[in-house]
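Some notes on the structure that comes next.
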Amino acid sequence: MDHPNLCDKVMTAETVRAKVFATARLRPGYDLADVDVFLSEVETSLRWLHQENARLAALANNSGGLSPRTAALMITHAQEEAAAIITQAETRARDLVEEARETARHAAEILGEAHAAGTRERRQLEERLAQLQSLIGRLSDG
């Protein structure tokens, strides 16, 4: 599997470690522990890929017996594996974002329901207070 633009998309483990995610207004939009676990997995994968790439490059440079065909097969295999890991990471990231959006939608729904209930309760208490004040007024006039 050939990926001519793969070099443009490859991140380092340090890039992943330095990534900062924005949070939602009401509360964090996603589980930060899940994001940390995901970033740790991506960082580990990237670190392994870079180490494997360096190992294969050293092997290719130091091995007089390695044929160009074998080297090409090894590179192709490494590129395919890298592409699979990237695809998996992108899928996981999309899943986390969707989960965060769903959590935010649910939180907004709960907040809306709580606000409506609070408004109803306040209105009922104000009505009851007005009734009691009216009753007190009538009793003191009477």
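Every number here is computed from the coordinates shown, using simple stated rules; none is lab data. Everything numeric here is computed off the predicted structure, so don't read it as measured data. Here the Cβ positions follow ideal geometry from the backbone for every residue, glycine too, while neighbour counts run over all protein chains shown.
Using R₀ = 35 Å, calculate the FRET efficiency as 1/(1 + (r/R₀)^6) where r is the Cβ-Cβ separation of L73 and V20; round to 0.05. Don't skip to the answer; put the middle values down first.
On the way: r = 39 Å, r/R0 = 1.12.
FRET efficiency, L73 to V20: 0.35.
Can you figure out the FRET efficiency of E99 with Q51, using R₀ = 30 Å and their beta-carbon distance, to the nearest 0.05? All intermediate terms of the calculation are to be shown ahead of the outcome.
Details: r = 31 Å, r/R0 = 1.03.
Efficiency at R0 = 30 Å is approximately 0.45.
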